[in-house]
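Below is one structure, written out as structure tokens; comments come after it.
The values are calculated or read from the model by the stated rules, or taken from the named source; none is laboratory data. The model shown is predicted, which means the values in this text are computed figures rather than measured ones. Glycine also receives a Cβ, built like all others from the backbone with ideal geometry; neighbour counts cover every protein chain displayed. Side chains are part of the model used for accessible areas, which takes the heavy atoms of the whole protein and leaves out ligands, DNA and RNA. Shrake-Rupley method; radii C 1.70, N 1.55, O 1.52, S 1.80 Å.
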Amino acid sequence: MPTCRFGPKFLLVSGVLTMAALDSLALFTGLGLSEHKARETLKNATLSTQLRDAATQAQQTLGSTIDKATGTLLYGLASRLRDTRRLSFLVSYIASKKIHTEPQLSAALEYVRSHPLDPIDTMDFEKECGVGVMVTPEQIEEAVEATINKHRAQILVERYRFNMGLLMGEARAALKWADGKMIKHEVDMQVLHLLGPKMEADLEKKPKVAKARVEETEQRTAKDVVENAVEAAGQTLSLMEQLRGEALKFHKPGENYKTPGYVITPHTMDLLRQHLEITGGQVRTRFPPEPNGILHIGHAKAINFNFGYAKANNGICFLRFDDTNPEKEEEKFFTAICDMVAWLGYTPYKVTYASDYFDQLYAWAVELIHRGQAYVCHQRGEELKGHNPLPSPWRDRPLEESLLLFEAMRKGKFSEGEATLRMKLVMEDGKMDPVAYRVKYTPHHRTGDKWCIYPTYDYTHCLCDSIEHITHSLCTKEFQARRSSYFWLCNALDVYCPVQWEYGRLNLHYAVVSKRKILQLVAAGAVRDWDDPRLFTLTALQRRGFPPEAINNFCARVGVTVAQTTMEPHLLEACVRDVLNDTAPRAMAVLESLRVVITNFPAAKPLDIQVPNFPADETKGFHQVPFAPIVFIERTDFKEEPEPGYKRLAWGQPVGLRHTGYVIELQNVIKDPSGCVESLEVTCRQADAGEKPKAFIHWVSQPLICEIRLYDRLFQHKNPEDPAEVPGGFLSDLNPASLQVVEAALVDCSVALAKPFDKFQFERLGYFSVDPDSRKGQVLCFTQLPLSVPVMFPAICCIKHSAHIALVNCHLLRNLRG
């Protein structure tokens with residue numbers, strides 16, 4: 001069989017161009033295209049057809065050969081025009097030289113894109129495209145001279161290494177319709193007149209400013225990571241600034257048709273007018289989670305983007321649950337999602353459910369069959385999988401038959417998997433005829449047993465957006481392959497069609513956020529539940545003590561990008577520290593305690609010590625802690641035989657006790673029979689009564705007993721789901737030291753009345769948040785994380801006093817001891 005390429009008109013048979021293709025090749029080279037580019041153009045059937053039609057019409061208008069400048073404009077027109085109805089109209093302007101520059105062509109293409117309705121107002125069109133506007137050589141000369149004078153000093157210094165593109169850009173901005181080649185020629189001439197011919201030094205390349213080499217995160221110090229993250233966060237625009245007005249170049253409400261790729265039908269403009277009457281031109285977005293799992297850090301970006309874009313532009317945002325799969329949906333997920341949206345500081349305009357619209361969706365499915373755009377299919381699920389599934393043998397079955405079978409599906413006459421309703425379209429990823437409805441005999445949490453058929457995401461999502469008159473359907477990049485079905489389905493039913501905009505999803509290293517994989521972690525006992533503080537679900541981050549404003553700041557730091565973003569956890573943790581530094585009052589706690597007896601305590605009873613809640617800002621108040629003859633210090637704050645550079649308590653080396661105004665000096669070490677240090681005897685003096693000590697350490701007296709849970713990363717590798725990095729799978733990459741408990745830690749009494757989620761900074765240790773387990777009175781067991789890792793780490797602390805136990809989450813920034 002001969003091979004055939006280029007479409008019906010332009011054929012290559014057995015490697016030889018047909019006569020039609022040779023004619024087109026000659027026509028295209030006659031426009032000024034190189035032979036190679038002409039042949040490449042022939043491979044694109046749509047482009048070659050459009051270019052051939054444009055060139056043929058231009059030849060008929062001109063009655064002569066097409067010059068290269070006109071040919072270039074015709075090629076630009078054919079390759080960029082999406083609305084083929086406007087081809088003849090625009091070619092007439094190019095052939096008659098009314099449009100004779102690239103800026104005019106770009107303006108003309110923009111005009112027809114934003115004015116899809118007939119007829120075109122020719123006077124307005126010509127005004128917007130600069131038709132009849134003459135730019136004289138004198139005007140170009142003056143504009144270039146003004147631009148060069150503006151940068152004259154810098155040009156004289158940098159000479160020919162100056163960015164000449166800047167001069168051309170500013171001159172073109174001043175003369176919108178001027179010919180670009182004429183501007184370039186004038187720039188070259190005036191620069192030559194100013195500087196003279198190039199000298200040898202001018203031929204040297206401009207030295208590049210060396211960029212600081214960014215090393216792998218593991219090789220950075222804790223100071224580098226945290227300080228760089230905070231500095232970058234300080235330079236970040238707020239989320240509202242990023243989302244407000246024209247910042248994202250989104251279409252305005254009602255101007256959907258101006259969006260590249262938006263499909264326009266004869267009904268589009270009427271539907272948009274009705275849409276504007278309903279919404280009043282208001283921005284409308286939605287956050288549409290599936291209620292089959294807990295939200296994670298990636299959803300935080302989606303929440304901030306959808307709610308934030310609406311808020312920044314005085315619009316509204318719906319929280320809509322995509323509850324179309326009753327098998328996997330649970331009430332706890334609905335509640336948790338609502339809680340997390342509120343926790344991040346957003347209030348939905350309205351909480352809706354896809355199930356609210358089941359009756360309308362079913363009616364539209366019947367209408368789709370009536371229009372010949374859907375059919376009942378009996379292929380099994382396994383037959384539809386893979387890259388090239390076989391076409392359905394039932395695709396062309398009679399409409400009446402599909403209507404009867406679809407009604408039978410609704411009445412429960414088919415078993416699960418025996419029949420589906422499919423739509424007649426091919427998606428960008430090659431998926432053919434996506435499923436619209438399938439049979440499921442699972443009661444729905446809201447509709448009960450009313451339905452045994454449920455719509456799919458591909459069918460439901462765009463139609464629910466249409467019902468709610470969403471203006472901007474914002475979704476992550478993986479849904480780009482569904483954009484064609486989104487537009488197709490709305491237009492197939494002649495209903496209002498919103499615009500789908502895609503953005504890059506947010507991921508973190510050392511994390512797994514897949515619902516299925518988190519369930520595997522829970523089942524394996526690697527984590528406790530969805531809110532285990534080692535996970536990056538939002539409930540886990542809340543339990544860990546992350547303030548919601550820190551998560552929102554992190555999303556602003558990441559920004560709204562099209563590319564997928566995978567961030568280091570350090571940056572999120574730096575945002576957390578930035579918030580807690582101003583909001584978490586200080587307290588003192590000791591993880592591994594050593595008893596210290598002050599033998600010459602200066603008072604007959606304990607002293608009350610005033611400790612500032614925020615040492616950097618004492619106007620925020622103080623709290624009181626007791627200072628008694630017996631205090632407890634960190635065991636690591638004492639050494640009998642210290643190594644060089646050790647600055648804390650040792651023989652002949654006194655230390656200060658923070659906030660007391662006293663210095664203690666070692667007098668005696670008391671050991672148990674095995675030689676382990678049990679307690680110390682010290683004497684104390686006023687801090688200003690002698691030499692200043694090398695260090696001041698924290699301490700507690702008359703403390704509360706607490707249990708501190710310390711966390712490290714759950715996984716050992718950056719990408720635990722990558723088979724190349726972790727061949728054994730993510731469950732084999734678990735960090736055995738990801739969790740540890742200090743059961744007999746001590747904390748000062750200032751936290752006695754702490755409530756769940758209250759936060760503190762324990763001096764020299766890190767940040768703590770009261771855990772909700774405090775209500776249950778349980779003491780849990782964990783493992784300690786290594787303090788040498790240069791990041792903020794979570795921990796939990798259980799505080800025992802009276803009959804109350806409080807749990808506290810801690811983030812250890814670094815080992816600050818000594």
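Hey, among the residues in the stretch 497-554 that are open to solvent by 40 Å² or more (accessible area, probe 1.4 Å), of a type in the set (K, R) and in contact (Cβ under 8 Å) with a residue 12 or more places away in the chain, which one's farthest from G261 (Cα to Cα)?
K515
Consider C575 against the criteria (1) crowded, with 21+ Cβ neighbours inside 10 Å; (2) more than 30 Å from K718 (Cα to Cα); (3) at pLDDT below 95: it satisfies all of them except one. Which criterion is unmet?
It is condition (2) that C575 fails.
Take V611 and decide whether it is closer than 26 Å to R709 by Cα, part of a strand (DSSP E or B) and in contact (Cβ under 8 Å) with a residue 12 or more places away in the chain.
yes
Quick one: how many residues across the stretch 586-611 are open to solvent by 10 Å² or more (accessible area, probe 1.4 Å), within 21 Å of Q761 (Cα to Cα) and touching a Phe, Trp or Tyr at 6+ places or on another chain (Cβ under 6 Å)?
3
In the stretch 350-364, what residues are open to solvent by 70 Å² or more (accessible area, probe 1.4 Å) and without any contact (Cβ under 8 Å) to a residue 60 or more places away in the chain?
If the condition is that a residue be open to solvent by 70 Å² or more (accessible area, probe 1.4 Å) and without any contact (Cβ under 8 Å) to a residue 60 or more places away in the chain, then K350, D356, D359 are the ones that fit.
Would you check if S24 is within 30 Å of V263 (Cα to Cα) and either in a strand (DSSP E or B) or at pLDDT 90 or above (or both)?
no
Within the stretch 617-637, track down each residue that is open to solvent by 20 Å² or more (accessible area, probe 1.4 Å) and assigned to a helix (DSSP H, G or I).
E618, T619, K620, R635, T636
Just give me the residues in the stretch 762-774 being in a strand (DSSP E or B) and crowded, with 24+ Cβ neighbours inside 10 Å, in sequence order.
Answer for the stretch 762-774, where residues must be in a strand (DSSP E or B) and crowded, with 24+ Cβ neighbours inside 10 Å: F762, G766, Y767, F768, S769, D771.
Just for the stretch 296-331: of the residues that are part of a helix (DSSP H, G or I) and open to solvent by 20 Å² or more (accessible area, probe 1.4 Å), which one is farthest from P253 (Cα to Cα)?
E331
Quick test for you: out of P693, P673, pick the one residue that is part of a loop (DSSP other than H, G, I, E, B), open to solvent by 30 Å² or more (accessible area, probe 1.4 Å) and at negative phi.
P673
Within the stretch 555-571, which residues are more than 21 Å from L714 (Cα to Cα), modelled with pLDDT of 85 or more and open to solvent by less than 30 Å² (accessible area, probe 1.4 Å)?
C555, A556, V558
Say we look at the stretch 309-349 and pick out the residues that are of a type in the set (A, V, I, L, M, F, W, C) and free of Cβ contacts under 8 Å to residues at least 24 places away in the same chain; which of these is nearest to R446 (Cα to Cα)?
C338
Tell me, yes or no, whether the stretch 712-722 has at least one residue that is without any contact (Cβ under 8 Å) to a residue 40 or more places away in the chain and out of contact with any strand residue (DSSP E or B) (no Cβ under 8 Å at 6 or more places or on another chain).
So far as the stretch 712-722 goes, yes, one or more of its residues are without any contact (Cβ under 8 Å) to a residue 40 or more places away in the chain and out of contact with any strand residue (DSSP E or B) (no Cβ under 8 Å at 6 or more places or on another chain).
Check R543, R516 and return the single one that is out of contact with any Phe, Trp or Tyr (no Cβ under 9 Å at 6 or more places or on another chain) and assigned to a helix (DSSP H, G or I).
The conditions single out R516.
When you go through (1) crowded, with 20+ Cβ neighbours inside 10 Å; (2) in contact with a Leu (Cβ under 9 Å, 6 or more places away or on another chain); (3) at positive phi; (4) not β-branched (V, I, T) one by one for G652, which number turns out not to apply?
The number of the failed condition is (1).
For the stretch 696-715, how many residues are open to solvent by 10 Å² or more (accessible area, probe 1.4 Å) and more than 30 Å from P569 (Cβ to Cβ)?
Total meeting the criteria: 5.
Name the pairs whose Cβ atoms lie under 6 Å apart, with the first residue in the stretch 238-257 and crowded, with 16+ Cβ neighbours inside 10 Å and in a loop (DSSP other than H, G, I, E, B), the second modelled with pLDDT under 70 and hydroxyl-bearing (S, T, Y), and 6 or more positions between them or separate chains?
As it stands, the answer is none, since no pair meets every condition given.
Say we look at the stretch 717-729 and pick out the residues that are open to solvent by 20 Å² or more (accessible area, probe 1.4 Å) and in contact with a Phe, Trp or Tyr (Cβ under 8 Å, 6 or more places away or on another chain); which of these is farthest from I609 (Cα to Cα)?
E721
Where residues in the stretch 273-296 are more than 18 Å from Y353 (Cβ to Cβ) and touching a strand residue (DSSP E or B) at 6+ places or on another chain (Cβ under 6 Å), which of them is modelled with the highest pLDDT?
Here the residue is H296.
Considering only residues that are on the phi < 0 side of the Ramachandran plot and not in a helix (DSSP H, G or I), look in the stretch 169-197 and name the one that is most open to solvent (accessible area, probe 1.4 Å).
In this case the residue turns out to be K176.
Taking into account only those residues within the stretch 742-754 that are free of Cβ contacts under 8 Å to residues at least 60 places away in the same chain and open to solvent by 20 Å² or more (accessible area, probe 1.4 Å), which is nearest to M588 (Cα to Cα)?
A752
Select from the stretch 332-361 the residues that are in contact with a helix residue (DSSP H, G or I) (Cβ under 7 Å, 6 or more places away or on another chain), among the aromatic types (F, W, Y) and not in a loop (DSSP other than H, G, I, E, B) and write down the one among them that is nearest to W451 (Cα to Cα).
Selected residue: Y357.
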